[in-house]
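Read the structure below first, then the notes.
The values are calculated or read from the model by the stated rules, or taken from the named source; none is laboratory data. On a predicted model such as this, the values are computed, not experimentally measured, just so you know. Positions of Cβ are backbone-derived with ideal geometry, glycine not excepted, and every protein chain shown enters the neighbour counts.
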Protein chains: 2
Amino acid sequence: MSEKNLKIVLASRPTGWVEESNFRLVEEAVPAPADGEVLVRVKWLSLDPYMRGRMNEGKSYAARVELGETMVGGTVGEIASSRHPGFAVGDKVLGTQGWQRFAISSGQGLVKLPDPRLPETAWLGAAGMPGITAWMGLTQIGAPRAGETVVVSSASGAVGSVAGQLARIAGCRAVGIAGGAAKCDYVVKELGFDACVDYKAGGLDAALKSALPAGADIYFDNVGGEILDAVIRRTNPGARIALCGLIAGYNGGEIPIRNVFNLLVNRIRLQGFIVSDRMDLWPGAMKELAGHIAAGRLRYRETIAEGLEAAPRAFIGMLKGENLGKQLVRVA
Amino acid sequence: MSEKNLKIVLASRPTGWVEESNFRLVEEAVPAPADGEVLVRVKWLSLDPYMRGRMNEGKSYAARVELGETMVGGTVGEIASSRHPGFAVGDKVLGTQGWQRFAISSGQGLVKLPDPRLPETAWLGAAGMPGITAWMGLTQIGAPRAGETVVVSSASGAVGSVAGQLARIAGCRAVGIAGGAAKCDYVVKELGFDACVDYKAGGLDAALKSALPAGADIYFDNVGGEILDAVIRRTNPGARIALCGLIAGYNGGEIPIRNVFNLLVNRIRLQGFIVSDRMDLWPGAMKELAGHIAAGRLRYRETIAEGLEAAPRAFIGMLKGENLGKQLVRVA
């Protein structure tokens, strides 16, 4: 093959905001599969907030990326050559090939796209890890009952958008929190949330109060910090909070929970969770999500960056909230 | 009757520490029961931290005491006169007659002492509300498995002492946190905890680390604040935190949780609870606790103040941690 492999490695660890200089583009020969292996040509790379944690020195819930190593990430690709009996050239596969054009795989963790009704990219978004994350936090921690009110932060994002729509499907009132009027418009008009609070507009407390006439029974939190405290103020007795992400603190600032008394007085259950802890639940969740998408009940949007070289800038933009919906990179 | 009734009413709401001037002693005639009622002569009054919350203006998990109203509280008493078919003069009853010598009751919420093997005061402590609180937080939220490590703050108190002993009975390692060497001695030598950390000795982080070689799987928290954060630092993945009390913040100071990242990274379940939410679980819990006490497996100590007039000072002392074990007032 005359084609070159391109990959993006971690060049240095960020202090505060991620910068493009934290990454380095590396060119090398395309590797050849050994017996029992396949070569995957990456078509789509998923960019997700958890990757920020992997760039840090400290302990996170998964192994950090070492300096000089290829950045991790979920991908949809195509088998470019195969010496594995389970995969044929041209098979479309979901995997974790990371920020690169080509990758060798033993086949482990590689799944053929399960449902031809869905676009390829859905498996990196609403029907994939982000969607399953939403499903897991909402159903396993939130356990919504019809008529309850569910609040979702980062409501226009890949996870939050699914969490709110699943809440609606469960018969709940869904109230989103998002940054900016355009995102809030999208959340209400396109995703069908009952209301959306623009946290950038100021007056968060008053806006939440008016959007939550019956209080909050479930909070699906992707951000932490002051927004978490503001929602805790509006919780009803017996409320559940699924702690999914803490974007507000990803750059190292402290994001304390101040309304600790409300946690006690309102008997709140607050639970952190990691979607990869319960791989046993993934197949059922994917099937359910794919069914909702195919039936038009679960909608999503994508922001697509063109070419692997664009991944660092797109990733930084996503952390700053510049994207709408699922952030992807078209690699090939 | 020539005897007078004495009662202690809320005279003013505290700002910061409770003071004796927040209470007022009132003398009045002993009331006479109407048809269907009984007159209870209070023998023992229980003093508990939750009463601090009832003295505040703001919303708590139960109705506040209004100015001029008799302070609420659990009691053991004796039927002094009866016009109720279910109670005879001399019956010993557990109830909530509050800070007073005599009280009229319709019989609702009045329970004859269930098990003659136990001393009367046990029903206000290890076999009563504090013991049930320990049982509920440990079994319903902590859900201990043999071999796990359970940390308990206020370990020498009425609730914490039971929580740690129940953890031991469940096959767990029990590590207490208490203020002062005397309390820690009591926790380890008399109550049988595996270790106890004296938070007043300084070096809390290091002491916790050395007392928790295998980390913490369950934290039964009665205090909140810095101690809660210090224990969160030592939690294992999947840890459960039962938020039972927040003594550190009862006087109005802010007690934020700062280690929010650990809640997420370690998938911690943190849950506030109120023992009165699950009255359906009380009979079973009382039976289990009484069985442990009768068999000598569950030990406790009491600090007894003499006479109703001593209640305010004893209550303030309890909030400052001056008592050891269950704080009671001998009213008659």
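Which residue pairs have Cβ atoms under 7 Å apart, sit 6 or more places apart or on different chains, and have a first residue in segment A:23-45 that is touching a residue at least 40 places away in the same chain (Cβ under 8 Å) and a second that is β-branched (Val, Ile, Thr) and not in a strand (DSSP E or B)?
Correct list of pairs: A:Val42/A:Val331; A:Lys43/A:Val331; A:Trp44/A:Thr121; A:Trp44/A:Val331; A:Leu45/A:Val331.
Out of B:Ala167, B:Ala174, B:Ala181, B:Ala155, I need the residue that is aliphatic (A, V, I, L, M), at pLDDT 95 or above and surrounded by fewer than 22 Cβ atoms within 10 Å (Cβ to Cβ). Which one?
B:Ala181
Based on what the data block shows, is B:Ile274 among the β-branched types (Val, Ile, Thr) and within 14 Å of chain A (Cβ to nearest Cβ)?
Spelling it out, B:Ile274 is indeed among the β-branched types (Val, Ile, Thr) and within 14 Å of chain A (Cβ to nearest Cβ).
Quick check, is B:Val231 at pLDDT 95 or above and touching a helix residue (DSSP H, G or I) at 6+ places or on another chain (Cβ under 9 Å)?
Working: at pLDDT 95 or above: yes; touching a helix residue (DSSP H, G or I) at 6+ places or on another chain (Cβ under 9 Å): yes.
For B:Val231, the condition - at pLDDT 95 or above and touching a helix residue (DSSP H, G or I) at 6+ places or on another chain (Cβ under 9 Å) - is met.
Pairs, please: C-beta under 6 Å, at least 6 apart or cross-chain, first residue within 21 Å of B:Met51 (Cβ to Cβ) and in segment B:273-294, second surrounded by 14 or more Cβ atoms within 10 Å (Cβ to Cβ) and among the aliphatic types (A, V, I, L, M)?
Pairs that qualify, where the first residue is within 21 Å of B:Met51 (Cβ to Cβ) and the partner is surrounded by 14 or more Cβ atoms within 10 Å (Cβ to Cβ) and among the aliphatic types (A, V, I, L, M), are B:Val275/B:Ile132; B:Val275/B:Met136; B:Trp282/B:Ile132.
Of the conditions (1) surrounded by 15 or more Cβ atoms within 10 Å (Cβ to Cβ); (2) under 17 Å from A:Ser161 (Cβ atoms); (3) of a type in the set (Lys, Arg), A:Lys189 clears all except one; give me its number.
Result: A:Lys189 fails condition (1) only.
Against the condition in contact (Cβ under 8 Å) with a residue 24 or more places away in the chain, away from every other protein chain (no Cβ under 14 Å) and part of a helix (DSSP H, G or I), how does B:Ile316 come out, does it pass?
yes
Looking for something of a type in the set (A, V, I, L, M) and away from every other protein chain (no Cβ under 12 Å) - is there at least one such residue anywhere in segment A:321-328? Before the answer, list the steps.
Taking segment A:321-328 and keeping what is of a type in the set (A, V, I, L, M), we get A:324, A:328.
From the residues that got through so far, the ones that are away from every other protein chain (no Cβ under 12 Å) too are A:324, A:328.
Yes, because at least one residue in segment A:321-328 is of a type in the set (A, V, I, L, M) and away from every other protein chain (no Cβ under 12 Å).
Mind checking which residues of segment A:257-276 are at pLDDT 95 or above and part of a helix (DSSP H, G or I)?
Scanning segment A:257-276 gives no hits.
Is it the case that A:Lys92 is among the charged types (D, E, K, R), assigned by TED's automatic domain parsing to the domain that holds A:Gly16 and at pLDDT 95 or above?
Criteria met by A:Lys92.
Only residues that are within 25 Å of the chain's Cα centre (by Cα) and closer than 15 Å to B:Pro114 by Cα: list them for segment B:72-90, please.
B:Thr75, B:Val76, B:Gly77, B:Glu78
Let me spell it out: the conditions are (1) modelled with pLDDT of 95 or more; (2) touching a helix residue (DSSP H, G or I) at 6+ places or on another chain (Cβ under 7 Å); (3) over 24 Å from A:Gly53 (Cβ atoms), and A:Asp221 meets all of them except one. Which number is the exception?
Against the list (1) modelled with pLDDT of 95 or more; (2) touching a helix residue (DSSP H, G or I) at 6+ places or on another chain (Cβ under 7 Å); (3) over 24 Å from A:Gly53 (Cβ atoms), A:Asp221 comes up short only on (3).
State the number of residues belonging to segment B:41-51 that are part of a helix (DSSP H, G or I) and closer than 30 Å to B:Glu3 by Cα.
The qualifying residues number 1.
Tally the residues that are within 17 Å of B:Tyr50 (Cβ to Cβ) and either among the basic types (Lys, Arg) or in contact with a strand residue (DSSP E or B) (Cβ under 9 Å, 6 or more places away or on another chain) (or both), restricting the search to segment B:127-160.
Step one: of segment B:127-160, the residues within 17 Å of B:Tyr50 (Cβ to Cβ) are B:128-137, B:153-154, B:157-160.
Then drop every residue that is not either among the basic types (Lys, Arg) or in contact with a strand residue (DSSP E or B) (Cβ under 9 Å, 6 or more places away or on another chain) (or both), which leaves B:128-130, B:134, B:136-137, B:153-154, B:157-160.
Qualifying residue count for the region: 12.
May I ask you to list the residues in segment A:91-117 that are in a loop (DSSP other than H, G, I, E, B) and over 21 Å from A:Ser276 (Cβ atoms)?
So in segment A:91-117, the residues in a loop (DSSP other than H, G, I, E, B) come out as A:91, A:96-99, A:101, A:106-110, A:113-117.
Passing the criteria: A:Asp91, A:Arg101, A:Asp115, A:Pro116, A:Arg117.
Would you say B:Val30 is at pLDDT 95 or above and surrounded by 20 or more Cβ atoms within 10 Å (Cβ to Cβ)?
Working: at pLDDT 95 or above: yes; surrounded by 20 or more Cβ atoms within 10 Å (Cβ to Cβ): no.
So B:Val30 does not fit the description; no.
Output the number of the condition that B:Leu298 fails; it satisfies all remaining conditions of (1) assigned to a loop (DSSP other than H, G, I, E, B); (2) crowded, with 19+ Cβ neighbours inside 10 Å; (3) in contact with a strand residue (DSSP E or B) (Cβ under 9 Å, 6 or more places away or on another chain); (4) away from chain A (no Cβ under 13 Å).
(3)
Tell me the helices (runs of 4 or more DSSP H) entirely within segment A:150-256 that contain at least 1 residues that are small (Gly, Ala, Ser) and either without any contact (Cβ under 8 Å) to a residue 24 or more places away in the chain or within 14 Å of chain B (Cβ to nearest Cβ) (or both). Please lay out each step first, then the result.
Numbers: elements: A:158-169, A:181-185, A:204-211, A:225-232.
Ranges flagged: A:181-185, A:204-211, A:225-232.
Run down A:Gly252, A:Gly307 and say which single residue is in contact with a Lys or Arg (Cβ under 8 Å, 6 or more places away or on another chain), surrounded by fewer than 16 Cβ atoms within 10 Å (Cβ to Cβ) and either closer than 28 Å to A:Gly74 by Cα or small (Gly, Ala, Ser) (or both).
Values: A:Gly252 fails: in contact with a Lys or Arg (Cβ under 8 Å, 6 or more places away or on another chain).
After ruling out the rest, the residue left standing is A:Gly307.
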